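Taking it in order: structure first as structure tokens, then the write-up.
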Amino acid sequence: MSVWDSIVGQNRVVEQLRAIADGDPKAIAQSWLICGPPGSGRSNVARAFAAALESPDHGADDEPTKVTQQVLAGTHPDVTVLSTNKVTIGIDEVRDIIATSEQMPSTAPWRIIIIEDVDRMLERTTNVLLKEIEEPSAHTIWLLCAPSAQDVLPTIRSRTRIVNLAVPSNRAVARFLEGEGFDTNIAARAARLSEGHIGIARLYAGTERVMTDRDELIVGVLGLRRASNAVLLAGNLIDNAKGQAEEEVRKRATKAEADFRRINGLGPKDRIPPKLRGAYNAIAKKDELKRQTTRLTRDVLDRALNSIASIYRDVAVLQNNAEDSVGLINLENRSAITELSVKLDRTAAVRRLESIATARRRLNGNGAPALVFEALFCSLIP
């Protein structure tokens, strides 16, 4: 399987980047901006491109080389990835990675720097990066990732080669999930509900709780009749989001601890040597776990807003007799959505989508989740 086979629904981009990786190294642009909506796989495309540039086989062989395996695993010494689960990427992090970019590659043709979510940089942080993007070291390639070119400063846009990713089709996402061993029906449903988001599709297919929570949310929104329903539904949603986040944080901490032991040659039950104890204990530090849980809870709530919006998208589809063209997302709830499409006129449906957008802005502005969703659900009562 070549390095490109794991890229879902991006055939045009894959052919473009494959040709560049196989071509003359002197003709390769050194600053790239890979753009695509959440879940389109922009970080995976960046890693695949990096592997193709660094590996002697350009990532084309069915049997991946050691270089390809290292790049994809994040362990190659000449490929550095800057990612964050914070709201913004800090200026010190960018200064550190600029220092790294100026080092000669140790084993590969290029030193490659991948920055995920470059749109999370504040303007002054981006200005620190600008000079390196404008005049990169002769041996360095920058791969920046963002939802769209408009999400980064014009000065960055004008100095990079832009690659735009498409939203993967439901069929492409379903095939990807089937390739990972999921049942055909589960893969098809997860792909449809994810609306082209590969990571969420995998989450729906592999985690029953997440799929069940979504089903309950859709039924709850369609069943809204009075303010008391709205308050209860908001409370349930926030409890479920926190539960999902805590479970995910525990999984990540357990994996990080296992990886720490493996890297340091320790068995599952071996005592941690005193000199490593501080680093080991920091993995499951209470404050850090709490911060991660808060961040992930926000992510789950943001995903919930997408699910709620899908109801009114389906309403609009039925109101405009467009089901044969674009299909419904919430097929399992077709009957209730049909009833809602009769109760609401087109203006009311659009107004509810605007209410969802308002809730998202309030949530991103650190509004209290309970108040945000109580207000939203009250506004959705037919």
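The values are calculated or read from the model by the stated rules, or taken from the named source; none is laboratory data. Fair warning: this is a prediction, and the values are worked out from it, not measured in the lab. With ideal geometry, Cβ positions are generated from the backbone for all residues, glycine too; neighbour counts draw on all protein chains shown. Heavy atoms of the whole protein, side chains included, go into the accessibility calculation; ligands, DNA and RNA do not. Shrake-Rupley method; radii C 1.70, N 1.55, O 1.52, S 1.80 Å.
Data table
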read-out: Euclidean distance of C-alpha centroids, segment 172-203 and segment 246-322, integer Å; value: 20
read-out: Sparse-neighbour loop sites [trypsin sites (Lys or Arg not before Pro); segment 268-321; at most 12 other C-beta within 10 Å; DSSP]; value: Lys269, Arg271, Lys285
read-out: Where N is the number of residues in segment 196-272, Cα Rg divided by 2.2 N^0.38 Å; value: 1.61
read-out: Segment 259-373 - charge dipole about Cα centre, Lys and Arg +1 at Cβ, Asp and Glu -1, debye rounded to 20; value: 1020
read-out: Segment 1-55: translational diffusion in µm²/s, Stokes-Einstein, Kirkwood Rh over Cα pairs, 4 °C, 1.567 mPa s; value: 111
read-out: Amide H partners (placed H, <5 Å) of Leu82, local residues excluded; value: Ile114, Ile115, Glu116
read-out: Pairs of Cα atoms farther than 32 Å apart, the chain, %; value: 43
read-out: For the chain, the longest site-free run once GluC sites (Glu not before Pro) in DSSP loop states with at most 16 other Cβ atoms within 10 Å are removed; value: 181-382
read-out: Chain lengthening between Glu178 and Gln103 when straightened (0.36 nm per residue, less Cα-Cα); value: 22.8 nm
read-out: Pairwise FRET efficiency - Gln69 versus Lys131, Cβ, R0 = 22 Å, nearest 0.05; value: 0.05
read-out: For the chain: accessible area per residue (Å², 1.4 Å); value: 51
read-out: Phi to ³J(HN,Hα) by Karplus 6.51 cos²θ - 1.76 cosθ + 1.60 over segment 175-185, Hz, x for Gly, Pro; value: 4, 4, 5, 4, x, 8, x, 7, 4, 4, 5
read-out: Cα pair count fraction exceeding 24 Å, expressed as % - segment 200-329; value: 49
read-out: Cross-link pairs beyond the 19 Å C-alpha cut-off, checked among Lys242/Lys286; Lys251/Lys275; Lys251/Lys286; Lys255/Lys285; Lys66/Lys255; Lys255/Lys286; value: Lys251/Lys275; Lys66/Lys255
read-out: Contour excess over end-to-end distance, with Cα ends at Glu354 and Gln150 and 0.36 nm allotted per residue; value: 71.3 nm
